[in-house]
1. In whole Å, largest first, what are the principal axis extents of the Cα atoms in segment 52-120?
2. With the contact rule set at Cα under 8 Å and sequence spacing of 6 or more, what percent relative contact order holds for segment 24-152?
3. Measuring from label point to label point, each 7 Å out along Cα→Cβ, what is the residue 124 to residue 66 span in nm?
4. Principal axis lengths of segment 24-152 from Cα atoms, whole Å, largest first?
5. Describe numerically, in nm with one decimal, the distance between label points set 7 Å from Cα along Cα→Cβ at residue 139 and at residue 59.
């Protein structure tokens, strides 16, 4: 090393906790503004999707209480359509996501960048769920209807009158046989 080069003296940085806290607050405010803007944008986009789906939900049968269109401004914001399915906005791409919650975790059923595309996919899902429920209800009602038919149909075979007549004839035959046996056994 060269001993002739002397290090340059730099002034010591002024360290101030007050200034560091002020700088941290400014950075936090900037992040919160970005987060709030992004969240407001998500909610606005999900409100557009809700507007697309409201006419579909108006056509649902009034006795079908499985579906509810509810916008929940959580983090991330979610537009619920039933107990397990909701729409959300992807943080990275900004696409609409149609998601199913299950005991095995979340699964993305569809993804689209346009509100019309995801509304169509969600409408198809509603239609399939309605058909599936109708099929299940029909399967549950079929054994009950079959039992009603079995009860209502007259059973083939001997009627009550035939059974009573056979009983009386058997009783009389038995009495005659007993009387005859006694008659011939007494000298």
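1. So the extents along the principal axes, rounded to whole Å, are 39, 29, 21.
2. Numbers: 128 pairs, mean separation 19.3, N = 129.
Taking the mean separation of contacting Cα pairs over the length of segment 24-152, I get 15 percent.
3. Result: 1.8 nm between the two label points.
4. Cα spread of segment 24-152 along its principal axes, largest to smallest: 81, 30, 21 Å.
5. Distance between the two pseudo-spin positions: 2.6 nm.
Each reported figure results from applying straightforward, stated rules to the coordinates on display, with no laboratory input. This structure is a prediction, so every number in the text was calculated from the model and none was measured. Cβ coordinates were reconstructed from backbone atoms using ideal geometry, including for glycine residues, and neighbour counts include every protein chain displayed.
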